[in-house]
Amino acid sequence: MTAVSNLTVDLPAGVVGLVGANGAGKSTLIKILLGLMPPTSGTASILGFDCLTDGLAIREVVGYMPESECLPLDVAATEFLVHMARMSGLPANIARERAADTLRHVGLYEERYRPIGGYSTGMKQRVKLAQALVHDPQLVFLDEPTNGLDPAGRDEMLGLIARISADFGISVVVTSHLLGELERISDHIVVIEGGVLQRSTSTADATRLSGALLVEVTDQADAVMARLRERGAKVAASAASGTFAVEMSDEAVPSWVVTVVADLGVGLVRLQRRRHHLAEIFQTEADAAPQEVQS
Amino acid sequence: MTTTPGDAVNDSVIHDIGFRHYDGPRLGRGWAFRSLLLETLRGAFGLGRPAKVKIMPWVLVGIFTVPAVVIVAVTIFTKLDSLPISYTAYPVAMSLIVSLFLAGRAPYAVSRDLRDGIMPLYLSRPIKRQDYVYAKFLGLALAVFIFIATPITVLLVGSLLATFPVGHEVWTWLGGMLMAAVLACLITSISLVLASFTKRRGLGVAAVLATLVLASGFANVLVSVVDMKSSRTNGSFFAVLDPYLLVDTLSGAWLGVDRYNGPSQPIGAVETLFFTAALVVLVGGMLAILLRRFRKVGGV
């Protein structure tokens, strides 16, 4: 069985979203990178370690949150985290300290002294995340961390993942079969399908290329558009009156809009960054028709 | 997250010190192995677990130790000139309690990990797959050894209180410790294999208890029947079918102490070799099966 074939990809630091349908080979890729499964051919290296030979060294400085249920139900979260920290090689007193700290960072407070069996799905996901972070890894693999969570829980989990990279300074590789949720937090998106790389793009690139501003004014839309064109902006009118789009050809475009609107003394109803939805990466031809995208 | 109290009267503030990084030593594979072994040992006695997990092991420790205390009391007050039971025979005489302890603790050590799917977490730590098997085995074997050694040590204390010759008592007690370790390794390996084939703890408990108790009864009957029919001690070879009888026979063969069971004549060199080989093959075979069992667990 081939789960991943001819996959050549460089994963940069920051949050990397690994997207693919179930069975696309995301989990297999993670297992190869953790040094748990040798690839039949080819090489893989992570943080400068060779995945074929340095498995033990890799697993000392990498965290892993599996997709599956993986928590003992009759043990309190603190006890469990102390044990997992020790399993990662931390001395006993440090393990105890970091277990409490890490649980606090993922948002578990008093409940951490109760057995995990009584936790909600959201709390269990937090404990799973905490055990991947407790030993202060340089990189964490999070396999479908939002699985089974309700929309509010998803948002909180995604917020936490963004913090891991931004505030904790730990690189993240996060998988999901939902592209939409990963584009919100990822710096880089890798799409695999059937074990084959489809696309590897920086989200910053993707949004810069296709970024546009959706502008809505109360009055004199034509005059505003004319003045923006004078400044060299590409402007596209839309069917709705008073609404038009300006291409983000320059970082200063939003301030141009504000200046023009102020000069003409009209009301600005909407100034919205219209991000090219990353789902469109799948399309070979970008859809030229203006479309509304929720940001 | 900074928690600021709403009113100015209470000026206690919890400061978020942010995520702290760790750049101290990482102790690696050996330490992780030791931690897993210790965790298994603690788990066997319910330490760090809710109260209901503690009940069974400690009740059994009590049941297993009380007879030793009674024996000591009787020995001292009736002024016997030696202990009525040898250090090596005690766990064999009380084999049902030892089996009950194993039946509870072996599934607790492995079936739970299988059921809760914890293997991927261990595998993502700096250990190798076989480390898990050896740590679980040694951790539980150590727990069983402590379990068995406790009443044996009570017997030693009693014999010293009864002012029996110190040298002789300590020496035979050391023999008892050795055989307790051998017995612990043997029955732990068998029990872990049985428990590792089911995620359901109840099934594991039943399998371990049934196997140990049935093997015991079966082997004892065979040994007695064949011994009655034959003038020689051919029947004692069947002792290999029962871990307790096997270790009891080895006590006689290696240490020359009184056996709990079986004929009292000395054991020949051939038999000694046979039983020693049987012990090695059994423990080695069980560990091999365990390693094989865990080769694919964890979805990798």
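Values in this text are rule-based calculations from the coordinates and carry no lab data. Nothing here was measured: the structure is a model prediction, and the numbers come from that model. Cβ placement follows ideal geometry from the backbone for every residue including glycine, while neighbour counts extend to all protein chains displayed.
Just B:ALA143, B:ALA109, B:ALA206 to compare: in a GNM of chain B, with alpha carbon springs under 10 Å, which one fluctuates most?
The residue with the greatest mean-square fluctuation here is B:ALA206.
Listing A:HIS188, B:HIS21, A:HIS177 from the residue with the fewest other Cβ atoms within 10 Å to the one with the most, what is the order?
Starting with the residue having the fewest Cβ neighbours, the order is B:HIS21, A:HIS177, A:HIS188.
So what's the gap between the Cα centers of the range B:40-109 and the range B:130-156, to the nearest angstrom?
Comparing the Cα centres of the range B:40-109 and the range B:130-156, I get a distance of 12 Å.
Counting other beta carbons within 10 Å of each Cβ, put A:PHE141, B:PHE197 in order, fewest first.
Neighbour counts put them in this order, fewest first: B:PHE197, A:PHE141.
Given the rule -39500 (n - 2.57) for each run of at least 4 DSSP H residues, summed and divided by the residues of chain A, what is its mean residue ellipticity at 222 nm, to the nearest 500 deg cm²/dmol?
One gets -10500 deg cm²/dmol as the mean residue ellipticity at 222 nm.
Can you give the extra length, in nm with one decimal, that the chain gains between A:LEU73 and A:SER120 once fully stretched, where that is 0.36 nm per residue apart less the Cα-Cα distance? List each step's numbers first, then the result.
On the way: separation 47, 0.36 × 47 = 16.92 nm, distance 1.18 nm.
Full extension of this stretch gives 15.7 nm more.
To the nearest 20 debye, what charge dipole does the protein assembly as shown have about its Cα centre, counting +1 at the Cβ of each Lys and Arg and -1 at the Cβ of each Asp and Glu?
So the dipole magnitude of the protein assembly as shown works out to roughly 2100 debye.
Of B:VAL166, B:VAL53, B:VAL240, which has the largest mean-square fluctuation in a 10 Å C-alpha GNM of chain B?
Looking only at B:VAL166, B:VAL53, B:VAL240, the largest GNM fluctuation is found for B:VAL166.
Is there a simple number for the mean count of other chain Cβ atoms within 10 Å of the Cβ of residues in B:19-31, and what is it?
That average works out to 6.
Going by C-beta contacts inside 10 Å, put B:SER251, B:SER82 in order with the fewest on the left.
On the way: B:SER251 26, B:SER82 13.
Placing the least packed residue first, the sequence is B:SER82, B:SER251.
Viscosity 1.002 mPa s, temperature 20 °C: give me the Stokes-Einstein translational D for the range A:15-204 in µm²/s, with Rh taken as the Kirkwood radius over C-alpha pairs.
126 µm²/s
Considering only DSSP beta bridges with both partners in the protein assembly as shown, what is the antiparallel share in %, to the nearest 5?
Percent antiparallel among DSSP bridges in the protein assembly as shown is about 60.
So if I place +1 on the C-beta of Lys and Arg and -1 on the C-beta of Asp and Glu, and nothing else carries charge, what would the dipole magnitude of the range A:13-131 be about its Cα centre? I want it in debye, nearest 20.
Values: 12 positive and 11 negative charges, 30 e Å.
Using only the charged Cβ atoms, the result is roughly 140 debye.
The range A:119-175 to the range A:213-248: how many Å between their Cα centroids?
One Cα centre to the other: 41 Å.
What helices in chain B pass both tests, a Cα length along the helix axis of 30 Å or more and a mean Kyte hydropathy of 1.6 or higher, using whole DSSP H runs?
Membrane-span-like by this criterion, though nothing is claimed about a membrane: B:51-77, B:166-195, B:269-293.
Test of understanding: in a Gaussian network model of chain A with alpha carbons linked when under 10 Å, which of A:VAL269, A:VAL173, A:VAL196 would top the mean-square fluctuation ranking?
Its mean-square fluctuation being the largest, the pick is A:VAL269.
Among A:LEU108, A:VAL174, A:SER202, whose Cα lies farthest out toward the positive end of the dipole of the range A:15-204, if unit charges sit on the beta carbon of Lys, Arg (+1) and Asp, Glu (-1)?
Of the options given, the answer is A:LEU108.
Spelling out what I want: for every residue of the range A:150-163, take phi, set θ = phi - 60°, compute 6.51 cos²θ - 1.76 cosθ + 1.60 (Karplus), and round to whole Hz; glycine and proline get x.
Values per residue, Gly and Pro as x: 7, x, 5, x, 4, 4, 5, 5, 5, x, 4, 5, 4, 5 Hz.
So what's the gap between the Cα centers of the range B:188-212 and the range A:26-103, to the nearest angstrom?
Computed from Cα coordinates, the inter-centre distance equals 29 Å.
What is the extension gain from A:SER45 to A:GLU251, computed as 0.36 nm multiplied by their sequence separation minus the C-alpha to C-alpha distance, in nm to one decimal?
Numbers: separation 206, 0.36 × 206 = 74.16 nm, distance 3.70 nm.
Taking 0.36 nm per residue and subtracting the Cα distance, the gain is 70.5 nm.
Calculated from DSSP H runs of 4 or more alone, at -39500 (n - 2.57) each and per residue, what is the 222 nm mean residue ellipticity of chain B, nearest 500? Could the numbers behind the result be given before it?
Working: 10 runs with 201 residues, N = 300.
For chain B, the value works out to -23000 deg cm²/dmol.
So if I restrict to the alpha-carbon atoms in the protein assembly as shown, what is the Rg, and what is Dmax, the biggest pairwise distance, in Å?
Values for the protein assembly as shown (Cα only, Rg and Dmax): 33.5, 120 Å.
If the label point is 7 Å along Cα→Cβ of B:ARG200, which residues in the range B:77-114 have backbone nitrogen under 19 Å from it?
Output list for this probe position: B:103-114.
Rounded to the nearest 10 degrees, what's the angle between the helix A:253-264 long axis and the longest principal axis of chain A, both from Cα atoms, 0 to 90?
The two axes meet at around 40 degrees.
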